[in-house]
Every structure is written in structure tokens, then in C-alpha cells.
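A quick write-up on the structure given underneath.
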Amino acid sequence: MKNTLKTSDSPQTRNHGRGYCDHDSLTGPHTITARPWIDPAHFGRLLHIKIVTSGDGTAVLTMPFLIDFAQGSGLMHGGALVSLADTAVVMAIKSLVPPGTHFATISIETKFLYPVKSGVVTARARVTAKRQNRFYGRATLFNQNKRPVMEFRATFRMAKDGPTEKPAVKGLGKK
């Protein structure tokens, strides 16, 4: 017998209006349909992340503060902000490497500066260095009044099963 779990009425969690969630059919493994290289993944679209610009090792992304992203006291959940920052640095990295290059976040450091209460959050990200099989990046998130709300640093590791050709990294000086 399959276990089912009653979910909330949130559009993101209600399993397309059925009210119950069959986790056995939802937990993967998943086949991902190819999308443009510089594009938020499925999770980014769930968070309504939009790419404003991406190129030359930088990226600017936005995300609205929807009620589904609120924590218990009505502020934007820190995990949503971290997801925006991580995605912004990923788009900055993707602007430097060939399509199909595999890499993943291996460490993050986050400093929350000011609460987000409403509006659209903007992430400004840049790749700060590449050494061997690692990329390093930073992002600063701003509220709708252009006040910094979070600083983010991350390290990403390139996978061994990346593209068959060695990625040519544009825009970064040799270190």
C-alpha cells in the first residue's frame, strides 16, 4: 500500500489540485528536458526567479516575495534568499563555460543583513576566481529600495563527467 500525505493548499505543494501527494511517484529519479543553457532550472521557476542579465562572469536575477516564501513571522524565508543567490552565481558561471558543463555548489557562506518584508529581491552575482576544478563566486541581494539584505559567497566544483572538451573559461585572468 502506498503512503499518501495530505499537503497544504499552496499551489507549489498541492500536487496539481488533487489534495494528496503520492510521494513514490514524485521523488525521482527524474529526467530533465533540455532547456536553454542560461535559464533557471525547475526549482528556480518554482521560485519565480527571472534572469535580467547574464554574461562575462556576472548575472542579475530577480525573485518576487510571494506569500509562499514567507516564514512564520511574515518575513521572506532565508532559504528562498539563499536559493536566489546560489542561482545567480550559477548563471554567472554558466556565462563562462560551455553548455553541458556539469558543476555543483560544494560550500556556501551567507550573511543576512536586513529582513525582506515585501517586493522584489534583486541578486547581483559575479564569479571571483577559478582555480583548477573550482569556481568561486559572490552575490549581494537587494530589496526593492536597493538596500543590501544578504551577502553570499560560494564554491562550486566542476564534475569529472563534464563536456568532452576542456572548458575554456572566458573573462578570468590566470591565477
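The values are calculated or read from the model by the stated rules, or taken from the named source; none is laboratory data. Being a predicted model, the structure only gives us computed values, none of them experimental. Heads up, the Cβs are rebuilt from the backbone with ideal geometry, glycines too, and the neighbour counts pull from every protein chain shown.
I'm trying to understand the selection: among the residues of segment 124-152, which are farther than 21 Å from Thr101 by Cβ and surrounded by 14 or more Cβ atoms within 10 Å (Cβ to Cβ)?
Arg124, Thr140, Leu141, Phe142, Asn143, Gln144, Val149, Met150, Glu151, Phe152
Of the residues Pro40, Pro29, Pro36, which single one is modelled with pLDDT of 75 or more and surrounded by fewer than 12 Cβ atoms within 10 Å (Cβ to Cβ)?
Testing whether each residue is modelled with pLDDT of 75 or more and surrounded by fewer than 12 Cβ atoms within 10 Å (Cβ to Cβ) leaves just Pro36.
Could you grab the pairs with beta carbons closer than 7 Å, sequence gap of 6+ or different chains, first residue in segment 131-157 and without any contact (Cβ under 8 Å) to a residue 40 or more places away in the chain and more than 17 Å from Leu75 (Cα to Cα), second one outside any loop (DSSP other than H, G, I, E, B) and among the polar types (S, T, N, Q)?
Within 7 Å, the pairs are Arg134/Thr155; Tyr136/Thr128; Tyr136/Thr155.
Please indicate, with yes or no, whether at least one residue in segment 117-127 is in contact with a helix residue (DSSP H, G or I) (Cβ under 8 Å, 6 or more places away or on another chain), assigned by TED's automatic domain parsing to the domain that holds Gly55, without any contact (Cβ under 8 Å) to a residue 60 or more places away in the chain and over 19 Å from Trp37 (Cα atoms).
Yes.
Picking from Ala159, Ala123, Ala129, Ala139, which residue would you name as being out of contact with any Gly (no Cβ under 8 Å at 6 or more places or on another chain), at pLDDT below 95 and not aromatic (Phe, Trp, Tyr)?
Exactly one residue qualifies, and that residue is Ala159.
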